[in-house]
Amino acid sequence: MIARLRADARALPVLAALVVAFGIAAAWNPTFAQAGTYAAIYAIAAIGLSLLMGNVNQISIGQAGFFGIGAYAVAYGTTSWTLPQAAAWPLAVLLGVVSAALAGLAVGFIALRFRGHYLAVATLAFGLICVGVFHESAILGGAIGIQDVPYPQFGALTISGYPAYWFAWAVAALVAFASINLLRGRTGRAFETIRNDELAAEVLGIPTRRFKILAFAYAGALAGLAGAIYASFLGIVVPDAVSVPLSITLLLMVVLGGSGSVSGALIGAAILGVIDISGHQFENSREVAYGVLVIVVVIAAPGGLFGLLRNLAKARPRPPLDEPGATRAMPAAATRVVARAAPVESGAPAGVAPLAVEGVTKRFGGLVAVNRVSFALERGTLTSLIGPNGAGKTTLFNAISGVGTLSDGRIAIAGTDVTGWQPHRIAALGVGRTFQNARLFGEMTVLENVMAGSFRRERTSFGADLLALPSARRASREAIDRARATLARLELEPLAGTLARDLAFGDRRRVELARAVAADPWLLLVDEPAAGLNANERATLQRDLLALRDDGVTLLLIEHDMRLVMSISERVMVLKFGTMIADGPPEHVRNDAAVVAAYLGTGA
Amino acid sequence: MLQLLVAGLTVGSGYALVALGIHIVLRATRIINFAQGEFTIVGGLIALTFVQVLHVNTWIALAGATLVGFGLGLLFERLVLRPAARSGEMALTIATIGMVSILLYGHALVPGWGSLPQPLPAFSGDVSDAVAIGGASIQIQSLWVLALLLLALALLYVFFDRTYYGKAIRAAANNPAGARLIGIDVTNARSVSVGLAIALAAYGGTIIGPITLVGGAGGVVIAIKGFVAAIVGGLESPAGCVLGGLLVGVVEKLIQGLPGVSYGISDPIVYALLLLALLIRPQGLIGARSAVRD
């Protein structure tokens, strides 16, 4: 992610220079200046949509609705309020942006209950509802809208014509700056985990839904801001101008420029903004060309123009890791391999089981995958869960970590009933988990993966991220240091800069364990960690798991490697067709007739 | 009241066919075709061209438009959907939105079509011919629309449930990998599915043409009402799509019939109903709970 963002940040000065050059050239051409002003306005809205589409993978065909809210707020406020213009304008803009952000929250809240298709339809419906309301509201002027919206005035200074170009781009630059900050900070890292693997992000304690709603609100606020400026400089707002075609145009800008990057949104907005104005006499054929263009782009260059440029740049060698903090002193490798900074302090009070499962049942249609399973774990112990394939082991893990809903039964973690909780809330209690197929964030580096592990320990606010306040920067630096320390403890330091998707299989598993450990869990569920590992890797794994246990972490392990299970477990539980058939010390379970039958059959 | 009901069922037939088209494309490609409404508009215009240029009656024009629609669907699948599918689901959805832009603005450039809606000749007699049933005056054209909707449903049912080819297409949509293993040409099935969906759009655009006019910029509105219909009824169920379409049509006409309700506010109310329907019963009236995220 940081690599992607770095390219983005590096492109911004170039784009800024282009804006300035165009602005100087446009001083002699009012049409150019006007086209440039609209490009800036579109860019503001496109940046928000770009983050929504490229960073949290949500599509919106209703951005014109938010744009309209901002535009009408300014048009109404500046023409109807009995306030001096110097006060009315900022107030109206604020009203527009806040209303659009709230609408974004609401749309996100509703739309995110559903999968992709429904979400896109819901956003389209939102846009159409807005147009309908604008059209039918007498105070908003109905079909003819609001005319004679005054230019922004600050005392004697009225901003219009050529200065409007600079004003609009100044706002766009601020928005670009804030958005890059946002992506660099904790919020951006959360976005990136969502884009890569939502489920893995959830079990690390990242409230994915909340972040997606946040992205909707941010995109809504920016579209509202763009609309507010649009109304001020155009001087007239009509319902048809903020209808579906505008939503489609914004979408095209983002796709053309490249979604998920601020620079891409700026490039797309600038190109379409200029074509829009200069191609006025080609109405209709211009829009047909847009449609053809967007289809060609998604087929031939899904990363958009900025993606193409980035790929060109990538052909040149890149300097090695130059992230903030890379040059800072490494924490000395601890003597004990997984020794943590502080002993496990939280977790269950004495006498309360870290994990208690009671009568848990999970049915898939007619199939009972887990059948009335009950057990409690003792603090600081390593328990293994074994059983033939399809016995329900991973389903039980899912149940404990809050993935899917239980058919019956209760689960208590450290005495708290967590039945029905979302995965991120359970993770936040201090429960870690790895997956059978090592769900790493493929497009992120090993370091970033491990940073995501300690996400819930980071404390910065959205506002601090946006403005890149010292507190946010410090939090980012600390997160990097913490992740590096974890990598050092697990001897994964050399892999820090590698993209997770480029890792060898054994390393994927170790990195996933590191990511889970980075959250400092006191209950850790590990799903088949030894599968596919060679003998050396198994020895390392065994050492790491035992070290965790010695630190007081309660471990529950699914594993098929019987030698490993029997040598490190204090207790072994056996599932067969969803039912617990044995539970006890390894030597006891090994000789249990039912277990032997389950594994070897009874035919002989 | 009966009059409003029939009027609602008439426009609802159009929505039902759009919803069915969306359903068929969704089954075949796993994405929503946002251009389905635009294809409905274009389909009606193609029928108009048949009438104006070839001087045939509306029945022949209906058959012609449906056939041309099928061909357009095959082209759409081959030139847009198939290549875009390689870039992922979001790209595919965006490509259909690009298609909206092409059709919405492109049809105004075609000689004889223009950007203003035009009337299509009636299926029989005059558009204003009506019969009195129980005190209500019912347009003959409305009865034709309902009859033609039933005809389309019957043909689709026979095709998908009674022919080997139709069953193969369903198998390919349900489980592409499995269908491939038993020798079904999945790519071809997908292509034919999209062809059928667009043929259905053209058919729908034509049958409602005499009453609602053809052409104009209303494609997005038709499309979204098709979605509303599909989602209210259940996107995964063909019966739900039809039911949802009729229901949306009737609700719309009833809202417009309420005293004191302006004509323009009925659409936003219908869209708000969509959001409400999504919230309360995301799987639709008919359908499994698959729409809800796990």
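At a glance:
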read-out	value
Over 24 Å [Cα-Cα, the stretch A:151-310], rounded percent	46 percent
Order of B:V270, A:V255 under a 10 Å beta carbon neighbour criterion, fewest first	B:V270, A:V255
All-pairs Cα distance distribution in the stretch A:2-314, expressed in whole percent, bin size 10 Å	6, 28, 37, 22, 6, 0
Relative packing of peptides A:17-28, B:204-215, A:78-89 - highest average C-beta neighbours within 10 Å first	B:204-215, A:78-89, A:17-28
Translational diffusion coefficient (Stokes-Einstein; Kirkwood radius from C-alpha pairs) of the stretch A:124-200 at 20 °C, 1.002 mPa s, in µm²/s	127 µm²/s
Angle between chain A longest axis and helix A:535-550 axis [Cα atoms, degrees, rounded to 10]	90 degrees
Positive-pole candidate from B:L274, A:T381, A:G220, dipole of the protein assembly as shown, charges at beta carbon	A:T381
Crossing angle, helix A:30-55 versus chain A [Cα axis fit, 0-90 degrees, rounded to tens]	10 degrees
Distance between modelled label sites at B:D129 and B:A177, nm, 7 Å Cα→Cβ extension	5.7 nm
Cβ-defined net charge surrounding A:L385, 12 Å radius [Lys, Arg +1; Asp, Glu -1]	-1
Relative contact order %, chain B, counting alpha carbon pairs below 8 Å whose residues are six or more apart	36 percent
B:W113, A:W421 arranged by Cβ crowding within 10 Å, fewest neighbours leading	A:W421, B:W113
Computed lengthening from A:V14 to A:R563, 0.36 nm per intervening residue step minus Cα-Cα distance	191.7 nm
Convex hull (Cα only) mean projected area of the stretch A:483-604, reported in nm² to one decimal	9.0 nm²
P(r) weight above 45 Å for the protein assembly as shown, C-alpha pairs, percent	37 percent
Ascending count of other beta-carbon atoms within 10 Å, so fewest first, for A:W169, B:W59	B:W59, A:W169
9 Å beta-carbon shell around A:D465, net charge (K/R +1, D/E -1)	+2
Highest average packing first - A:361-374, B:38-51, Cβ atoms within 10 Å	B:38-51, A:361-374
Peptide-level mean, for A:297-303, of C-beta atoms on other protein chains within 10 Å	6
Spin-label model distance (nm) - A:R474 vs A:D592, 7 Å beyond Cα toward Cβ	5.3 nm
Burial ranking of peptide ranges A:548-560, A:53-65, A:508-520 (average Cβ count within 10 Å, highest at the top)	A:53-65, A:508-520, A:548-560
Sites A:R210 and B:H55, calculated FRET efficiency, Cβ-Cβ separation with R0 60 Å, nearest 0.05	0.45
Relative contact order (%) - chain A, alpha-carbon pairs under 8 angstrom, separation at least six	17 percent
Greater than 18 Å apart at Cα, pairs in A:K393/A:K576; B:K225/B:K253; B:K167/B:K225	B:K167/B:K225
Angle in degrees between helix B:89-106 and the longest Cα principal axis of chain B, rounded to the nearest 10	40 degrees
Along principal axes, Cα extents of the stretch A:384-485, largest first, whole Å	50, 28, 21
Paramagnetic reach from B:F159 in the stretch B:71-87 [backbone N under 12 Å; point 7 Å along Cα→Cβ]	B:71, B:73-74
Separation in nanometres of the label points that stand 7 Å from Cα toward Cβ, at A:F154 and A:T381	6.9 nm
Fraction of antiparallel bridges per DSSP, the protein assembly as shown only, in percent to nearest 5	65 percent
Unit charges at the beta carbon, dipole of the stretch B:12-217: most positive-side option, B:G112, B:F159, B:V53	B:F159
Net charge of neighbours whose Cβ lies under 13 Å from the Cβ of A:T540, counting Lys and Arg as +1 and Asp and Glu as -1	+1
Test item: B:222-231 mean partner chain Cβ contacts at 10 Å	3
Values of log10 I(q)/I(0), in the order q = 0.07, 0.09, 0.10, 0.15 Å⁻¹, for chain B under a Debye, Cα-only, solvent-free model	-0.25, -0.42, -0.52, -1.18
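Quick note: the coordinates plus some simple rules give every number you see, no bench work behind them. Quick caveat, the model's predicted, so the values are computed rather than measured. All Cβ positions, glycine included, derive from the backbone under ideal geometry; neighbour counts span all protein chains shown.
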